[in-house]
Amino acid sequence: MRIWALVKRICQQMVRDKRTLALMFVAPLLILTLMYFLFNGNTVDPKLGVKGIDQTLVKAIKKADIDVKSYSKVSGKTVVDDDLDGLLVKDNGTLTLTLRNDDPTKAKALQMKINQASAGVVQAKLIQQLPAMAAGGLAKQSITTKYVYGDKDTVFFDVLSPILVGFFVFFFVFIISGIGLLRERTTGTLERLISTPIRRAEVVTAYLIGYGIFAVLQTIIVVIYAINVLDIVLVGSIFHVILINLLLALVALSLGILLSSFAASEFQMMQFIPIAVVPQVFFAGIFPLEGMANWLQVIAKIFPMYYAGDALKAVMYQGAGLGEIGGDLFALFLFAALFIILNILALKKYRTL
């Protein structure tokens with residue numbers, strides 16, 4: 001009977017805690033559904049530009065599920081300007097393949113398909129022209145390969161690592177700031193502070209600056225360690241990387257403080273992670289967005305890590321400057337401003353006078 005009484009008390013506590021019930025039963029379903037749509041998206045055919053290529057080879061490339069676009073004139077910026085995955089040019093009998101290589105896995109797959117198509121065309125011509133030598137397995141026409149980003153040794157982690165740097169900054173700043181303010185509330189410090197003539201905006205500003213100092217230190221340490229110790233790829237400026245992560249830390253700081261206003265304990269604060277943090281991973285650029293459904297691509301743009309991941313990848317892997325990531329930086333600034341305003345409004349419920 002005593003065991004049953006304890007079981008009954010535990011069940012009653014769980015039933016009263018609606019947030020915990022939602023975490024146990026609803027959050028897994030939401031995340032599982034999100035992963036289902038992410039991993040079952042449509043496959044996007046790689047886009048290849050061609051110039052001076054024989055139509056026989058072009059047809060063979062199209063049969064390999066490659067979207068081909070013909071050019072009469074190309075430049076060194078054609079791949080990036082026209083958002084191509086690669087550019088195949090024949091000049092003086094030499095084939096040159098320029099790969100964008102922003103996704104090394106996709107680039108290697110495109111290169112393999114083109115090599116196979118080229119080998120098939122060469123072999124077919126040899127069979128027609130030299131049937132006696134066809135069985136000898138003559139070599140295919142060689143293709144010189146160049147890369148816009150990275151090189152032949154670039155792996156997927158080189159693209160992934162900049163995004164991970166930003167995510168870890170976001171995650172730990174979110175947790176530390178949220179739990180820190182929660183302790184201020186549970187100890188009664190915040191209520192006593194709010195009951196004084198101090199303004200809500202001043203309280204929010206003070207907390208942002210106070211926790212922000214440590215967020216800045218953490219951000220700088222993480223970035224410098226990742227680049228100098230772990231030797232994570234960095235093509236652009238380290239100062240731009242730090243700026244992006246500082247803005248991201250401000251977003252995480254203001255979001256953590258905001259959500260802590262709706263938590264009664266540290267356990268409840270942790271419950272926000274599946275909703276506020278985990279989806280950030282899926283839309284930060286770790287998974288390709290092109291193959292997702294249109295509505296998922298729209299949802300991706302409401303998460304700060306979407307813009308931070310895009311900016312970090314552009315600077316660290318592609319060597320972009322401030323002008324090229326200006327839109328991402330502005331979006332992060334808007335997120336921070338929005339969360340700060342919501343923080344000021346959320347403090348209303350704690351003012352007793």
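The values are calculated or read from the model by the stated rules, or taken from the named source; none is laboratory data. Everything quoted here is computed from the prediction, not taken from an experiment. Cβ: placed from backbone, ideal geometry, glycine included. Neighbour counts: every protein chain shown. Remember, those area values only see protein heavy atoms, side chains included, never the ligands or the DNA or RNA. Shrake-Rupley method; radii C 1.70, N 1.55, O 1.52, S 1.80 Å.
The single condition among (1) surrounded by 14 or more Cβ atoms within 10 Å (Cβ to Cβ); (2) without any contact (Cβ under 8 Å) to a residue 40 or more places away in the chain; (3) under 28 Å from Thr154 (Cα atoms) that Ile325 does not satisfy is (2). With respect to (1) at pLDDT 85 or above; (2) in contact with a Phe, Trp or Tyr (Cβ under 6 Å, 6 or more places away or on another chain), the lone exception for Leu38 is condition (1).
Those residues that are out of contact with any helix residue (DSSP H, G or I) (no Cβ under 7 Å at 6 or more places or on another chain), closer than 19 Å to Ile242 by Cα and small (Gly, Ala, Ser), I need them from the stretch 284-336; list them, please.
So in the stretch 284-336, the residues out of contact with any helix residue (DSSP H, G or I) (no Cβ under 7 Å at 6 or more places or on another chain) come out as 288, 290-291, 294-295, 297-299, 301-302, 318-319, 321, 323, 326-327, 330, 334.
Filter once more, keeping what is closer than 19 Å to Ile242 by Cα: 318-319, 321, 323, 326-327, 330, 334.
Correct list: Gly319, Gly321, Gly323, Gly326, Gly327.
Taking each residue of the stretch 259-270 that is open to solvent by 40 Å² or more (accessible area, probe 1.4 Å) and looking for partners that are assigned to a helix (DSSP H, G or I) with beta-carbon atoms closer than 6 Å, six or more apart or interchain, yields Glu266/Ile179. Taken across the stretch 173-187, residues that are over 30 Å from Asn101 (Cα atoms), open to solvent by 60 Å² or more (accessible area, probe 1.4 Å), of a type outside the set (Gly, Ala, Ser) and at pLDDT 80 or above do occur, with at least one present.
Checked against (1) buried (at least 20 other Cβ atoms within 10 Å of the Cβ); (2) more than 25 Å from Met35 (Cβ to Cβ); (3) hydrophobic (A, V, I, L, M, F, W, C), Leu246 meets all criteria but (1). Filter the stretch 33-82 for residues that are touching a residue at least 24 places away in the same chain (Cβ under 8 Å), hydroxyl-bearing (Ser, Thr, Tyr) and more than 20 Å from Leu289 (Cβ to Cβ) and give the result. Matches in the stretch 33-82: Thr56, Thr78.
Residue by residue, here is whether (1) in a helix (DSSP H, G or I); (2) under 17 Å from the mean Cα position of the chain (by Cα); (3) β-branched (Val, Ile, Thr) holds:
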{"residue": "Phe262", "(1), (2), (3)": "no, no, no"}
{"residue": "Pro279", "(1), (2), (3)": "yes, yes, no"}
{"residue": "Glu290", "(1), (2), (3)": "no, yes, no"}
{"residue": "Val315", "(1), (2), (3)": "yes, yes, yes"}
{"residue": "Ala320", "(1), (2), (3)": "no, yes, no"}
{"residue": "Leu329", "(1), (2), (3)": "yes, yes, no"}
{"residue": "Leu338", "(1), (2), (3)": "yes, no, no"}
{"residue": "Leu342", "(1), (2), (3)": "yes, no, no"}
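Go through the stretch 62-74 and report how many residues are closer than 13 Å to Ser118 by Cα, touching a strand residue (DSSP E or B) at 6+ places or on another chain (Cβ under 6 Å) and open to solvent by less than 40 Å² (accessible area, probe 1.4 Å).
Residues in the stretch 62-74 being closer than 13 Å to Ser118 by Cα, touching a strand residue (DSSP E or B) at 6+ places or on another chain (Cβ under 6 Å) and open to solvent by less than 40 Å² (accessible area, probe 1.4 Å): 0 in total.
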